[in-house]
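Have a look at the structure below, then the notes.
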Amino acid sequence: MVKFSREYEASIIPEWKAVFVDYKCLKKLIKRIKIARRDAGPPPLLAAGETGSSYGFSVLDPVRSIAARFAAHHAAASSPEGEEESLESDSGELVRSTDKHEQEFLEKADEELDKVNKFYATQEAELLARGDALIEQLRILADVKRILADHAAASSRRGRGRALGRANSMPPPSPSVNGSSGRHLLSGLASPQSMSDGSVELQQARVAEGAAVAEEVMAALERNGVSFVGGGLAKAKKDGSGKQLMGRAALLQLPATVRIDIPPTSPGRAALKVWEELVNVLRKDGADPAAAFVHRKKLQHAEKNIRDAFLALYRGLELLKKFSSLNVKAFTKILKKFVKVSEQHQATDKFSEKVKRSPFSSSDKVLQLADEVECIFLRHFAGNDRKVAMKYLKPQQPRNTHMITFLVGLFTGTFVSLFIIYSVLAHVAGIFSSTGSPTYMDIVYHVFSMFALISLHVFLYGCNLFMWKSTRINHNFIFDFSSSTALTHRDAFLMSASIMCTVVAALVINLFLRNAGATYTDALPGALLVLSTGVLFCPFNIFYRSTRYCFMRVMRNIIFSPFYKVLMADFFMADQLTSQIPLLRHMEFAASSPQYTHLAYVISFLPYYWRAMQCLRRYLEEGHDINQLANAGKYVSAMVAAAVRFKYAATPTPLWMWMVVISSSGATIYQLYWDFVMDWGFLNPKSKNLWLRDQLILKKKSIYYVSMMLNLALRLAWAQSVMKLHLGRVESRLLDFSLASLEIIRRGHWNFYRLEHEHLNNAGKFRAVKTVPLPFRELETD
């Protein structure tokens with residue numbers, strides 16, 4: 001049977017750990033009470049003044065003792081004094097030398113109860129306010145969609161009637177104002193182009209139609225509590241049809257205080273935002289009476305944002321319910337231990353009643369809101385299909401099976417066996433000797449290095465996953481991964497072992513065919529590359545499709561980094577790529593001319609460029625944070641140092657050697673400062689942990705100091721580039737591969753502390769649920 005303390009520690013929400021009941025501390029206080037009572041000796045069975053048998057133990061003594069305790073308890077309970085006095089009198093009667101420790105326990109338990117209540121009340125108020133805002137957003141969305149759908153149908157009917165009545169006398173209506181085209185206006189259906197086409201009557205008809213839509217949408221929004229500047233001006237101008245039209249046009253020219261705000265997280269959304277700004281500029285100049293667009297696509301984005309916000313709200317409600325139940329259980333368990341040791345029945349009962357009356361234990365507002373969210377999501381986002389709704393609201397965790405562990409062992413053993421076979425065959429054939437074939441050496445080295453570095457990186461990522469899980473670092477929340485499809489450490493180990501097993505098997509087959517004199521043996525590495533690419537882009541739900549698609553989506557965001565919103569997973573992956581530059585340089589093995597070799601080095605600079613662009617994007621989005629510019633400077637310095645080393649490799653003169661030393665030393669100092677201070681949060685002179693930070697997840701501080709020294713040593717690997725080492729072809733390739741492997745090991749080692757620091761930042765702000773921006777918001781007006 002698992003002890004409750006272990007179950008409790010494994011179940012608490014990591015980001016809210018500081019506000020849970022400190023069960024360990026309360027257990028220590030109970031242990032002190034137990035020790036004090038043991039040292040004081042057993043209590044007498046009879047109170048002073050009572051007569052009893054002086055001839056030893058009597059069978060009636062237990063009965064007398066229980067009766068005496070019951071009488072004392074009944075007398076104290078019927079006393080008219082207050083709760084505080086009752087507790088003190090009870091302590092004075094039952095507590096002798098242990099009253100100090102018992103009072104300390106009760107005071108500490110009361111502090112913990114107050115802490116839990118305050119946090120629960122704060123979170124409950126925030127979630128209730130968020131729920132009200134989301135329900136309001138959903139009402140606005142429903143009204144806008146209904147109005148636009150009604151006017152789309154009416155426009156379609158009027159368009160058919162005009163086409164039959166006017167025949168060839170007028171051109172057909174422009175598609176830009178057709179309701180079936182899927183584009184509408186919040187304050188008019190006309191675009192700048194359509195307003196300049198056709199006759200004056202057609203333009204007036206379009207403005208009137210757009211104004212009708214605008215008025216109805218605005219009325220719907222006003223019913224939901226959204227006000228508009230100058231909304232009464234249009235109502236005052238209804239003397240006739242012409243005046244009414246002018247009133248509507250005047251209404252359209254006034255700025256509304258509401259808009260659909262979709263963050264420009266992708267190039268498409270950014271282009272839409274630029275177009276809207278252009279329309280607003282034209283509107284201010286009087287060229288267009290439209291106020292803002294409401295495209296069908298934009299409504300879809302708004303609906304998706306509201307759906308994600310409901311999911312985040314439901315997740316927060318579930319976490320708060322878990323917080324409540326765990327703390328209730330913790331108080332119940334610890335009070336049982338306390339009454340068992342101290343025999344303070346009255347104090348324990350009163351404290352238990354206090355716990356039951358506390359908001360975190362008695363409030364049902366969270367339960368009611370959770371039920372309401374389930375009903376809303378079921379009706380609006382799941383088509384009344386409860387199975388679909390629960391798939392999103394309560395995703396099932398994948399079940400751990402022993403099959404993955406078995407496959408990891410199988411592929412690892414196969415890889416080791418095949419590698420031994422390949423080493424023996426290559427040594428017998430003299431492949432790696434000085435007289436071996438240089439062509440074969442180039443092909444094998446580059447292909448093997450590419451896949452070996454990828455496999456090593458995946459293996460270290462699996463080690464990171466294992467350590468993050470062991471230390472309760474919520475990496476899925478930090479990366480915004482779904483817990484139902486995210487990789488586990490066993491999955492990463494399986495991927496690493498299967499990659500290496502496949503690559504070494506291909507090398508063994510290639511060597512057999514080469515010794516047999518078969519033709520086209522050099523095509524096998526190319527076939528391996530084609531196979532790996534096919535597996536990556538495979539559309540079928542095999543080989544971790546969700547992970548592969550997530551990887552491709554993140555790579556797309558990295559490559560087009562200035563145009564996509566930078567998320568944690570994006571810049572974390574871009575940092576991984578900066579450690580995989582040797583892998584990109586292996587692309588030159590297919591080069592047949594110096595131009596392609598230079599292109600390979602240009603490609604190797606791309607990870608630094610992408611990372612710098614991400615920093616600039618974040619600088620613009622995050623209120624011009626100067627730290628983002630400083631971070632971009634770090635990657636620019638790394639590009640300069642790499643370019644100087646490349647120049648020194650081409651022209652090894654003393655001048656360029658000193659340039660390498662200066663540029664690489666400056667870049668290394670820059671990188672080390674950023675690693676230790678900004679990424680890991682170390683080197684804090686005011687920290688209670690010398691030159692570290694106040695909060696540490698690992699128990700042994702020496703591990704952090706060793707990690708800092710290891711990161712420093714591995715950052716200096718560039719020094720070998722200025723050392724004139726006389727190595728053979730095989731030894732030189734082996735050294736390059738070893739240095740590339742050490743850089744990947746450094747990156748895997750860096751990953752743990754980077755996410756530890758991010759997790760502690762989230763825990764410091766009690767951030768356990770992501771915040772989804774709401775699409776409908778009011779604008780500030782003068």
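(1) out of contact with any helix residue (DSSP H, G or I) (no Cβ under 7 Å at 6 or more places or on another chain); (2) under 29 Å from Ser470 (Cβ atoms); (3) of a type in the set (Gly, Ala, Ser): which one isn't true of Ala740, the others all being true?
Just one mismatch for Ala740, condition (1).
Taking the stated definitions as given, is Ser664 farther than 18 Å from Met709 by Cα and outside any loop (DSSP other than H, G, I, E, B)?
Yes, satisfied.
Which ones in segment 460-491 are over 25 Å from Leu760 (Cα atoms) and open to solvent by 30 Å² or more (accessible area, probe 1.4 Å)?
Arg490
Suppose the filter is in contact with an Asp or Glu (Cβ under 7 Å, 6 or more places away or on another chain), within 27 Å of Met568 (Cα to Cα) and either assigned to a helix (DSSP H, G or I) or open to solvent by 80 Å² or more (accessible area, probe 1.4 Å) (or both); does Asn711 pass it?
yes
Identify all residues within segment 342-389 that are within 22 Å of Lys34 (Cβ to Cβ), touching an Asp or Glu at 6+ places or on another chain (Cβ under 8 Å) and not in a helix (DSSP H, G or I); write none if there are none.
Hit for segment 342-389 is Gln344, nothing else.
What residue, of Ala569, Ala497, Ala506, is under 26 Å from Ile404 (Cα atoms), among the small types (Gly, Ala, Ser), open to solvent by less than 40 Å² (accessible area, probe 1.4 Å) and in contact with a Leu (Cβ under 6 Å, 6 or more places away or on another chain)?
Values: Ala569 fails: in contact with a Leu (Cβ under 6 Å, 6 or more places away or on another chain); Ala497 fails: in contact with a Leu (Cβ under 6 Å, 6 or more places away or on another chain).
Every option except Ala506 fails the conditions.
Tell me, yes or no, whether segment 344-360 has at least one residue that is basic (Lys, Arg), open to solvent by 50 Å² or more (accessible area, probe 1.4 Å), out of contact with any Leu (no Cβ under 9 Å at 6 or more places or on another chain) and closer than 24 Å to Asn117 by Cβ.
Checked against the condition, which is being basic (Lys, Arg), open to solvent by 50 Å² or more (accessible area, probe 1.4 Å), out of contact with any Leu (no Cβ under 9 Å at 6 or more places or on another chain) and closer than 24 Å to Asn117 by Cβ, segment 344-360 yields at least one hit.
I'd like to check something: does segment 378-396 contain any residue that is closer than 30 Å to Ser496 by Cβ and either in contact (Cβ under 8 Å) with a residue 12 or more places away in the chain or surrounded by 12 or more Cβ atoms within 10 Å (Cβ to Cβ) (or both)?
yes
Go through Trp718, Trp674 for me and flag whichever is assigned to a helix (DSSP H, G or I), closer than 30 Å to Arg618 by Cβ and open to solvent by less than 30 Å² (accessible area, probe 1.4 Å).
Selected residue: Trp674, the only one of Trp718, Trp674 that is assigned to a helix (DSSP H, G or I), closer than 30 Å to Arg618 by Cβ and open to solvent by less than 30 Å² (accessible area, probe 1.4 Å).
Select, from Leu456, Leu524, Leu528, the only residue that is open to solvent by 30 Å² or more (accessible area, probe 1.4 Å), in contact (Cβ under 8 Å) with a residue 24 or more places away in the chain and not in a loop (DSSP other than H, G, I, E, B).
On the way: Leu524 fails: in contact (Cβ under 8 Å) with a residue 24 or more places away in the chain; Leu528 fails: open to solvent by 30 Å² or more (accessible area, probe 1.4 Å).
Of the residues listed, the single one that is open to solvent by 30 Å² or more (accessible area, probe 1.4 Å), in contact (Cβ under 8 Å) with a residue 24 or more places away in the chain and not in a loop (DSSP other than H, G, I, E, B) is Leu456.
Collect the residues in segment 678-697 that are of a type in the set (A, V, I, L, M, F, W, C) and open to solvent by less than 30 Å² (accessible area, probe 1.4 Å), keeping them in residue-number order.
The answer is Trp680, Phe682, Leu692.
Are any residues in segment 599-654 among the β-branched types (Val, Ile, Thr), closer than 22 Å to Ser579 by Cα and not in a helix (DSSP H, G or I), and if so, which ones?
none
I'm trying to understand the selection: among the residues of segment 630-671, which are farther than 14 Å from Leu716 by Cα, open to solvent by 40 Å² or more (accessible area, probe 1.4 Å) and among the β-branched types (Val, Ile, Thr)?
Once the filter is applied, which keeps residues that are farther than 14 Å from Leu716 by Cα, open to solvent by 40 Å² or more (accessible area, probe 1.4 Å) and among the β-branched types (Val, Ile, Thr), segment 630-671 yields Val636, Val640, Thr651, Thr653.
Hey, can you tell me all the residues within segment 639-649 that are of a type in the set (A, V, I, L, M, F, W, C) and either more than 23 Å from Cys615 (Cα to Cα) or in contact with a Pro (Cβ under 9 Å, 6 or more places away or on another chain) (or both)? Steps first, please.
Restricting attention to segment 639-649, the residues satisfying the condition of being of a type in the set (A, V, I, L, M, F, W, C) are 639-644, 646, 649.
Of everything in segment 639-649, those that are of a type in the set (A, V, I, L, M, F, W, C) and either more than 23 Å from Cys615 (Cα to Cα) or in contact with a Pro (Cβ under 9 Å, 6 or more places away or on another chain) (or both) turn out to be Val644, Phe646, Ala649.
Matching residues to (1) modelled with pLDDT under 75; (2) under 18 Å from Val355 (Cα atoms); (3) assigned to a helix (DSSP H, G or I):
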{"residue": "Leu87", "(1), (2), (3)": "yes, yes, yes"}
{"residue": "Phe105", "(1), (2), (3)": "no, yes, yes"}
{"residue": "Lys108", "(1), (2), (3)": "no, yes, yes"}
{"residue": "Leu113", "(1), (2), (3)": "no, yes, yes"}
{"residue": "Phe119", "(1), (2), (3)": "no, yes, yes"}
{"residue": "Ala129", "(1), (2), (3)": "no, no, yes"}
{"residue": "Glu136", "(1), (2), (3)": "no, no, yes"}
{"residue": "Ile140", "(1), (2), (3)": "no, no, yes"}
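For every residue, the table says whether it meets (1) modelled with pLDDT of 55 or more; (2) part of a helix (DSSP H, G or I).
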| position | (1), (2) |
| --- | --- |
| Pro255 | no, no |
| Arg259 | yes, no |
| Leu278 | no, yes |
| Val281 | no, yes |
| Gln300 | yes, yes |
| Ala312 | yes, yes |
| Phe331 | yes, yes |
| Lys340 | yes, yes |
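If I filter segment 531-561 down to residues being open to solvent by less than 80 Å² (accessible area, probe 1.4 Å) and polar (S, T, N, Q), which single residue comes out as nearest to Asp491 (Cα to Cα)?
Among them, the one singled out is Thr547.
Out of (1) within 28 Å of the chain's Cα centre (by Cα); (2) in a helix (DSSP H, G or I), the odd one out for Val730 is which?
Of (1) within 28 Å of the chain's Cα centre (by Cα); (2) in a helix (DSSP H, G or I), only one is false for Val730: (1).
List the number of the failed condition for Leu487; all other conditions in (1) in contact with a Ser or Thr (Cβ under 7 Å, 6 or more places away or on another chain); (2) assigned to a helix (DSSP H, G or I) hold.
Unmet for Leu487, out of (1) in contact with a Ser or Thr (Cβ under 7 Å, 6 or more places away or on another chain); (2) assigned to a helix (DSSP H, G or I): (2).
What pairs can you find where one residue is in segment 404-427 and over 13 Å from Ser496 (Cβ atoms), the other is open to solvent by 50 Å² or more (accessible area, probe 1.4 Å) and assigned to a helix (DSSP H, G or I), and their Cβ atoms are less than 8 Å apart, with a gap of 6+ or different chains?
Pairs that qualify, where the first residue is over 13 Å from Ser496 (Cβ atoms) and the partner is open to solvent by 50 Å² or more (accessible area, probe 1.4 Å) and assigned to a helix (DSSP H, G or I), are Thr405/Arg490; Leu425/Phe512; Leu425/Asn515.
Can you tell me which of Val554, Val566 is modelled with pLDDT of 90 or more, outside any helix (DSSP H, G or I) and within 30 Å of Met708 (Cα to Cα)?
Val566
The values are calculated or read from the model by the stated rules, or taken from the named source; none is laboratory data. Being a predicted model, the structure only gives us computed values, none of them experimental. Cβ sites come from the backbone with ideal geometry, for glycine too, and all protein chains shown count toward neighbours. What goes into the accessible areas is simple: the full protein's heavy atoms, side chains included, and nothing from ligands, DNA or RNA. Shrake-Rupley method; radii C 1.70, N 1.55, O 1.52, S 1.80 Å.
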